[in-house]
Amino acid sequence: MKKAILSFAMLCLWCLASAQQPVKPYNENQDARADIRKAIVQAQKEHKNIMMQFGGNWCSWCMRIHALVTKYPRLDSLMKANYIYLLINVPASKDKKKRDMTLFAEYQYPNRFGFPAFVILDPQGHRLNTIDSDDFEYPNPKIPGYDTAKVERFLKMWSVKALDAKTYAGK
C-alpha cells in the first residue's frame, strides 16, 4: 500500500512539474537552412508564401506574437491559409557567437531590427519583405502588446493572392 501511495505521489509530482514547463516554440537545435528548404518545397506544393519569424524562446515579444498568431482564431486561420509559418531560432545575446551571421546576410540582415523580425518569402524562396514587430504594436505605449488588426492587415497584404496581378484584373 505504501508503494502505491508513493508511486501515485511521484506521478502527481511529475505531472505537476511537466505541466509547469513553459512552451518553447523555437527549436534551439534547429538546422535553419534545412527547415527553410523544407518550407520552400511545402510552399510550392501548397501555393503559399513563407513567413519566417526570427527570434527565440528567450524573447518575450517573440513569444507574444507567436501566441497571438497561433491562438487567436482569425490570425491562425489567415496564417494557415496563406503561409508556411517558420520560426527561425536565434540564440540569446549571451550566445551571440552562435548566431548564424551568414543566414542573416542571406536575408538582408533582419537582425538589424532586433527580435522578433519577419521575412516573407515567395514559394520559390525569394525575399519579398522584411519587417520588425514594432509595426504591429499598439500606438499607445501604455498598452503593451500587439494590435490584432495590424497583424491581420499585414498577413492579408503579403499573401500570394494579394501579390498576384490576376487578383486585380478587371478592377
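Read-outs: derived from the displayed coordinates by stated rules, not from any lab. Keep in mind that what you see is a predicted model, and the values were worked out from it rather than measured. Cβ sites come from the backbone with ideal geometry, for glycine too, and all protein chains shown count toward neighbours.
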Quick one: angle between helix 73-82 and the longest Cα principal axis of the chain, in degrees between 0 and 90, rounded to 10, please.
60
Return the long-range amide H neighbours of residue 92 (sequence gap of 5 or more, or a different chain), with a cut-off of under 5 Å between placed amide H atoms.
none
Gyration tensor on Cα atoms of the stretch 82-161, a ≥ b ≥ c root eigenvalues, a/c under 1.5 rounded, else prolate if a/b beats b/c, else oblate, says oblate
With an 8 Å cut-off on Cα pairs and a minimum separation of 6 or more residues, tell me the relative contact order of the stretch 95-171 in percent.
16
For the Cα atoms of the chain, what angle does the longest principal axis make with the long axis of helix 148-157, in degrees from 0 to 90, nearest 10?
50
If you line up the long axis of helix 32-46 against the longest principal axis of the chain, both from Cα atoms, how many degrees apart are they, to the nearest 10?
60
By the mean-Cβ-within-10 Å protection proxy, highest first, 46-53, 141-148, 153-160 rank as 46-53, 153-160, 141-148
The chain: relative contact order from alpha carbon pairs under 8 Å, six or more residues apart, as a whole percent, is 24
Could you please report the charge total around residue 74, scoring K, R as +1 and D, E as -1 over all other residues with beta-carbon less than 14 angstrom from its beta-carbon?
+2
Give me the log10 of I(q) over I(0) for the chain at q = 0.13, 0.15, 0.18 Å⁻¹, as the Debye formula computes it from C-alpha points; what are the numbers?
-0.70, -0.88, -1.18
